[in-house]
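Read through the structure below, which is laid out as structure tokens, and then see the notes.
The values are calculated or read from the model by the stated rules, or taken from the named source; none is laboratory data. Here the structure is a predicted model, which is why all the values come from computation and not from measurement. Neighbour counts are summed over all protein chains in view; Cβ atoms, including those assigned to glycine, are modelled from backbone coordinates with ideal geometry.
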Amino acid sequence: MSQANSLGSQRSSTTLKNKLPAIGIDLGGTKLSAAAIVDFKVVSEARTVPTPQGPDKIVAALVSLIESFQREYVVAGVGIATAGIVNCDTGEVIGSTGNLPGWSGTPLKQLIESKTMLPVFVDNDANAAAYGDALAMGLTDATCVIGVTLGTGIGTGIVIHGKPYRGSNWGAGECGHIRINLENKRLCTCGKYDCWEAYGAGRGLVATTHDLLAQAGAKDSVLSENAQGLNSHLITSAAAGGDKLAKEAVNLYHQHVSIGLANLANCLAPEYFILSGGMSKVVDVQLLGEMVRERALPRNADKLQVVKSSLGDFAGIVGAAQCALDGIAPGTTLNTGTG
């Protein structure tokens, strides 16, 4: 075959692969969600199953999900966004969370590839979500975009010049564990005190409300009747109904979130913070943006925008699948973000 024919064949192969869907999977502690993705767009309905206990059963569930798509699509590859720290070169989970016991050390890429015969890419869920949102919102030309997932914890992903940044040891972006208090007041799930997520995650709002309920005059709040069963939904509902203590708690919650964002703004000077996760639904982005700009250095706050995710629960699915597609086309390399 001549060199020209060879190049033509390679381009045809690249075009074909770019038009085939990749399967994106978001692997969390409670559920596995998957969809088919082409050009960072969802082209199928999402499929969700409960996350089983133990690495072997999780891998089996992942394979079953992938095979269900293979019966309907010619699949180019698979992208998996998982909780924990991932070596994206090898696809091995090298650090885990309490939500996935025994997950650390799982050679996920190798296991899934051997069972499906498809190319597989594995990344941290927050990294994948930030990348997916940056793609979907047309922000890949921005210098820096930070995705912030506000849920039971805080996850962050950093996208620099359109590519996820993962750090020299794959652990970049664990910004939920920056410290925002020196009083050893709140124990974080990581075992250290006063991390940002101990204040800015959903359980942070609950802890703040308990602090307010312990003060004099708290009996005037409707929340005093449900002090033992408090959750973020009860608190935000009470605030929406005009309860003064609940409104104060929600305002303090916004302040706590803004402190972490302002710290990140001063460190990385991003153009955008993209908020996702369950707690993002109760955030007033205009108020939060004002609080961040008040706390950040003027130059770093000048053009900074705080927005909500356009993909919602699909952000990690889209980002993981697109990373897989990025690596499939000949002549491209997976961005490791190392160095």
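Remark: pairs (first residue in segment 219-238, among the basic types (Lys, Arg); second residue in a helix (DSSP H, G or I) and surrounded by 13 or more Cβ atoms within 10 Å (Cβ to Cβ); Cβ separation under 9 Å; 6+ apart in sequence or on different chains) = 219/213. Out of everything in segment 142-179 that is part of a loop (DSSP other than H, G, I, E, B), of a type in the set (A, V, I, L, M, F, W, C) and surrounded by 18 or more Cβ atoms within 10 Å (Cβ to Cβ), what residue ends up being farthest from the chain's Cα centre (by Cα)? Ranking the qualifying residues of segment 142-179, first place goes to 170. Per the conditions (1) surrounded by 13 or more Cβ atoms within 10 Å (Cβ to Cβ); (2) modelled with pLDDT under 85, the sole criterion not satisfied by residue 40 is (2).
Residue 208 meets the conditions (1) hydroxyl-bearing (Ser, Thr, Tyr); (2) over 30 Å from residue 241 (Cα atoms); (3) crowded, with 17+ Cβ neighbours inside 10 Å in every case but one. The failed one is (2).
Inspect segment 255-274 for any residue being under 26 Å from residue 190 (Cβ atoms), under 21 Å from the mean Cα position of the chain (by Cα) and part of a loop (DSSP other than H, G, I, E, B) and give the result as yes or no. Within segment 255-274 (the criterion being under 26 Å from residue 190 (Cβ atoms), under 21 Å from the mean Cα position of the chain (by Cα) and part of a loop (DSSP other than H, G, I, E, B)), the answer is yes, since at least one residue qualifies.
Here is a list: 313, 326, 284. Which entry is farther than 22 Å from residue 201 by Cβ and not basic (Lys, Arg)?
326
Mind listing whichever residues of segment 281-293 are without any contact (Cβ under 8 Å) to a residue 24 or more places away in the chain and either loosely packed, with under 13 Cβ neighbours inside 10 Å or acidic (Asp, Glu) (or both)? Hits for segment 281-293 are 286, 290. Taking the residues in segment 77-98 that are free of Cβ contacts under 8 Å to residues at least 40 places away in the same chain and more than 23 Å from residue 190 (Cβ to Cβ) as candidates, determine which candidate is surrounded by the most Cβ atoms within 10 Å (Cβ to Cβ). The extreme case among them is 91.
One residue stands out among those in segment 99-124 that are part of a loop (DSSP other than H, G, I, E, B) and of a type in the set (A, V, I, L, M): the one that is nearest to residue 188 (Cα to Cα), which is 100. Screening the candidates 170, 103 for the property of being assigned by TED's automatic domain parsing to the domain that holds residue 53 and touching a strand residue (DSSP E or B) at 6+ places or on another chain (Cβ under 8 Å) yields one hit, 103.
The residue that is farthest from the chain's Cα centre (by Cα), among those in segment 52-76 that are part of a loop (DSSP other than H, G, I, E, B) and surrounded by 15 or more Cβ atoms within 10 Å (Cβ to Cβ), is 73. Each residue in segment 280-325 was checked for being within 18 Å of the chain's Cα centre (by Cα), outside any helix (DSSP H, G or I) and not small (Gly, Ala, Ser), and 5 of them qualify.
Hey, can you tell me all the residues within segment 190-238 that are of a type in the set (Lys, Arg), in a helix (DSSP H, G or I) and under 23 Å from the mean Cα position of the chain (by Cα)?
In the first step, residues of segment 190-238 are kept if they are of a type in the set (Lys, Arg); the result is 192, 203, 219.
So of that shortlist, the ones also in a helix (DSSP H, G or I) come out as 203, 219.
Result: 203, single match.
Entry remark, segment 117-136: residues being of a type outside the set (Gly, Ala, Ser) and out of contact with any strand residue (DSSP E or B) (no Cβ under 7 Å at 6 or more places or on another chain) number 2 in total.
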